[in-house]
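Peer 1: Just passing along the structure, written as structure tokens.
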Amino acid sequence: MKDMTIKQMYRQDGHFVNEKISVSGWVRTVRASKNFGFIELNDGSFFKNLQVVFDENLENFKELAKLTVGSSLRISGIVVESPGAKQPFELKADSIEIEGHSTSDYPLQKKSHSFEFLRTIAHLRPRTNTFSAVFRVRSLVAFAIHRFFQERGFVYVHTPIITGSDAEGAGEMFRVTTLDMENPPRNEEGKIDTSRDFFGKESNLTVSGQLNVETYCMAFRNVYTFGPTFRAENSNTTKHAAEFWMIEPEIAFADLDDYMDLAEDMLKYIIAYVLENAPEEMEFFNKFIDTTLLERLNNVASSDFVRVTYTEALELLRKSGEQFEYPIDWGSDLQTEHERYLTEKIFQKPVFVTNYPKDIKSFYMRLNDDNKTVACADLLVPGVGEIIGGSQREERLDVIEAIMKEKGLNQEDYWWYLDLRKYGGTKHAGYGLGFERAIMYITGMANIRDVIPFPRTVKTAEF
RNA sequence: UCCUCAAUAGCUCAGUCGGUAGAGCAUGCGGCUGUUAACCGCAGGGUCGUAAGUUCGAGUCUUACUUGAGGAGCCA
């Protein structure tokens with residue numbers, strides 16, 4: 001007798017008919033009548049369920065007929081072709097062992113629940129169709145990202161989660177400390193004496209691995225980090241979480257166009273990988289979450305992304321005649337409404353917006369010859385907005401020092417970062433992809449809380 | 001942090017003009033020989049988010065607070 005997964009059975013359609021096999025899994029629904037019944041079993045290996053037929057010949061038939069949703073079973077029987085239209089085959093059970101009962105207060109029903117309710121039972125929601133699909137796709141996307149970079153010879157660098165540099169400037173940070181919160185040591189001025197903290201200085205959770213990964217870029221040429229990052233922003237939106245994952249590749253001897261080429265290839269690669277390896281899940285999203293999803297993703301795979309400069313983008317917005325709440329003004333950042341209009345109305349596909357004014361961008365972005373803009377590019381996609389931000393980095397020591405001065409940054413805090421410009425610095429570029437935003441884009445899910453197993457947002461850390 | 005909306009049974013919701021609580025699903029029990037969110041019958045299940053106020057009387061009106069959702073800002 002073969003111990004099988006439901007995935008094996010579906011992927012080798014019909015191959016096991018008339019064979020005796022065993023499976024184990026959880027009850028999704030039971031439909032029993034007087035002398036026989038049906039169990040929908042999900043074993044976790046596959047999006048679809050296996051229909052199990054059981055009848056009164058089983059010694060525990062009465063007990064089985066009263067099974068509640070969520071119970072776990074071990075079943076053996078013969079695979080037979082199914083007379084029902086909704087499944088190609090089913091399992092005719094000759095023994096069903098109840099491994100774990102589920103009590104009658106099991107909160108998941110055989111109907112759809114609101115995402116808001118399911119967030120309150122984050123420990124049970126992976127058992128639902130939607131979350132089963134989301135988190136299998138999340139796993140596949142993570143693998144596809146690694147495979148994409150590894151195939152191209154990139155080195156995976158584990159940048160630190162705890163950082164001692166307090167000047168990364170990407171947002172509010174979470175403090176890491178072992179000092180006694182009730183009674184912290186104080187220095188002569190009465191301030192908290194961070195020299196007596198664990199690291200001998202103030203430390204925080206990282207907001208970005210970029211500065212660290214650039215150092216490895218100057219040794220390995222092409223590198224990437226892929227790990228968690230933390231932002232303590234008081235941000236209450238569908239697209240922000242306090243803990244999220246980022247992919248940050250960095251490529252040496254490369255400019256802005258090389259970065260955009262790489263990012264575009266990467267996104268297309270990931271989408272193709274997921275469409276090939278999770279067709280059932282993607283079909284489910286297309287049917288129940290976002291009916292334009294597959295059309296959109298196929299369109300992305302087969303067409304080139306748009307590339308416009310910030311200045312051109314402003315011109316397009318101005319010429320559109322659309323009334324915007326915020327003014328279109330050279331020098332200020334694009335607002336959400338502007339980004340959405342560009343990617344959703346004007347182009348209806350992913351758009352790189354390049355060469356923003358230097359004053360609204362980070363110090364490490366390479367200054368263009370016009371002395372007004374920097375060599376950066378944000379990738380905007382319909383529905384989600386910005387999912388990638390990146391730039392060519394400033395490799396000229398004198399220029400980056402001048403910009404840091406202009407932005408009021410303390411050069412001593414960046415001494416090791418600036419060393420990269422002294423010791424064989426090269427042209428290089430890199431970007432950051434918000435992992436969860438990519439998942440949202442690929443699945444059509446609208447809220448970041450529903451693509452993270454246990455989301456961390458303002459005032460929420462129950463699980 | 002700002003703006004808007006919401007909170008009634010385990011879930012999803014209805015509740016008229018202010019007059020004292022309803023449905024479907026779920027759960028329990030019973031029925032049913034091929035079901036597909038099975039179907040049919042019966043039953044149990046409520047401090048109407050919290051606190052105060054107006055009123056003879058508040059799920060319904062007012063205020064504050066709490067929680068959630070959507071949008072904005074910040075960003076990925």
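Peer 1: Counting only residues 5 or more places away or on other chains, whose amide H sits under 5 Å from the amide H of A:VAL176 once H atoms are built in the peptide plane?
Peer 2: Here the answer is A:SER203, A:ASN204, A:LEU205, since their amide H atoms fall under 5 Å of that of A:VAL176.
Peer 1: If you don't mind, another one. Mind listing which GluC sites (Glu not before Pro) in the range A:130-179 are in a DSSP loop and have 15 or fewer other Cβ atoms within 10 Å?
Peer 2: A:GLU172
Peer 1: If the cut-off is a Cα-Cα distance under 20 Å, which lysines reach A:LYS34, setting aside same-chain residues fewer than 8 apart in sequence?
Peer 2: Output for A:LYS34: A:LYS62, A:LYS66, A:LYS92.
Peer 1: Here is a further query. Just name one of A:SER95, A:ASN368, A:ALA301: the one whose Cα is farthest towards the positive end of the charge dipole of chain A (beta-carbon charges, Lys/Arg +1, Asp/Glu -1).
Peer 2: About the Cα centre, the residue reaching furthest to the positive side is A:SER95.
Peer 1: For the charge dipole of chain A, defined by +1 on Lys and Arg C-beta atoms and -1 on Asp and Glu C-beta atoms about the Cα centroid, which residue among A:PHE154, A:ASN129, A:ASN212 has the Cα displaced farthest towards the positive pole?
Peer 2: A:ASN129
Peer 1: Same structure again: In debye, nearest 20, what is the charge dipole magnitude of chain A about its Cα centre with +1 on Lys and Arg Cβ and -1 on Asp and Glu Cβ, if you could check?
Peer 2: Using Cβ point charges on Lys, Arg, Asp and Glu, chain A gives about 1280 debye.
Peer 1: When only DSSP loop residues count, what chymotrypsin sites (Phe, Trp or Tyr not before Pro) in the range A:347-432 have their Cβ near at most 12 other Cβ atoms within 10 Å?
Peer 2: For chymotrypsin sites (Phe, Trp or Tyr not before Pro) across the range A:347-432 that sit outside H, G, I, E and B with at most 12 neighbouring Cβ atoms in 10 Å, the list reads A:TYR423.
Peer 1: As a test question: what accessible area, to the nearest 10 Å², does A:ARG307 have when a 1.4 Å probe is rolled over all protein chains in place?
Peer 2: Surface open to solvent at A:ARG307 totals about 90 Å².
Peer 1: Roll a 1.4 Å probe over the protein chains and send me the accessible area per residue for the range A:224-339 in Å².
Peer 2: Roughly 48 Å² per residue, with all protein chains present.
Peer 1: Under 29 Å from the Cα of A:LYS422, which lysines turn up, not counting those fewer than eight places away in the same chain?
Peer 2: A:LYS201, A:LYS358, A:LYS361, A:LYS372, A:LYS405, A:LYS407
Peer 1: Return the carbon/sulfur percentage of the accessible area of the range A:401-462, one whole number, probe 1.4 Å, all protein chains in place.
Peer 2: 52
Peer 1: Work out, step by step, the length gained on full extension between A:ASP261 and A:GLN87: first 0.36 nm times the residue separation, then minus their alpha carbon distance; give nm to one decimal.
Peer 2: Fully extending the segment from A:ASP261 to A:GLN87 adds 58.3 nm.
Peer 1: Tell me, what HN-Hα J-couplings in whole Hz come from the Karplus equation 6.51 cos²θ - 1.76 cosθ + 1.60 at θ = phi - 60° for each residue of the range A:374-384, using x for Gly and Pro?
Peer 2: Values, residue by residue: 10, 7, 10, 7, 9, 9, 9, 10, x, x, 10 Hz.
Peer 1: Among the chymotrypsin sites (Phe, Trp or Tyr not before Pro) within the range A:219-317, which fall in a DSSP loop and have no more than 14 other Cβ atoms within 10 Å of their own Cβ?
Peer 2: Hits after loop and neighbour filter: A:PHE253.
Peer 1: Now a separate question. Please report, as a whole percent, how much of the solvent-accessible surface of the range A:212-278 comes from carbon and sulfur atoms (probe radius 1.4 Å).
Peer 2: It is 48 percent, rounded to a whole number.
Peer 1: Counting only heavy atoms of protein chains, what accessible area per residue, in Å², does the range A:351-428 have with a probe of 1.4 Å?
Peer 2: Accessible area per residue: 42 Å².
Peer 1: With the other protein chains left in place, how much accessible area per residue, in square angstrom, belongs to the range A:94-219 at a 1.4 angstrom probe?
Peer 2: Per residue, the range A:94-219 has an accessible area of 58 Å².
Peer 1: Give the separation of the Cα centroids, the range A:151-211 to the range A:439-458, in Å.
Peer 2: With the range A:151-211 and the range A:439-458 each reduced to a Cα centre, they are spaced 27 Å.
Peer 1: Tell me, what does the Kirkwood hydrodynamic radius of the range A:143-245 come to in angstroms if you use every pair of distinct C-alpha atoms?
Peer 2: 15.9
Peer 1: Enumerate the calculated ³J(HN,Hα) couplings along the range A:80-97 in order (Karplus 6.51 cos²θ - 1.76 cosθ + 1.60, θ = phi - 60°), each rounded to whole Hz, writing x wherever the residue is Gly or Pro.
Peer 2: 10, 5, 9, x, x, 7, 8, 8, x, 8, 8, 10, 8, 6, 10, 7, 10, 9
Peer 1: Report D for chain A in µm² per second (integer): Stokes-Einstein, Kirkwood Rh on Cα pairs, 25 °C, 0.890 mPa s.
Peer 2: Roughly 96 µm²/s, to the nearest whole number.
The values are calculated or read from the model by the stated rules, or taken from the named source; none is laboratory data. Remember, predicted model here, so these are calculated numbers, not experimental data. Positions of Cβ are generated from backbone atoms using ideal geometry, with glycine treated the same way; all protein chains shown enter the neighbour counts. Remember, those area values only see protein heavy atoms, side chains included, never the ligands or the DNA or RNA. Shrake-Rupley method; radii C 1.70, N 1.55, O 1.52, S 1.80 Å.
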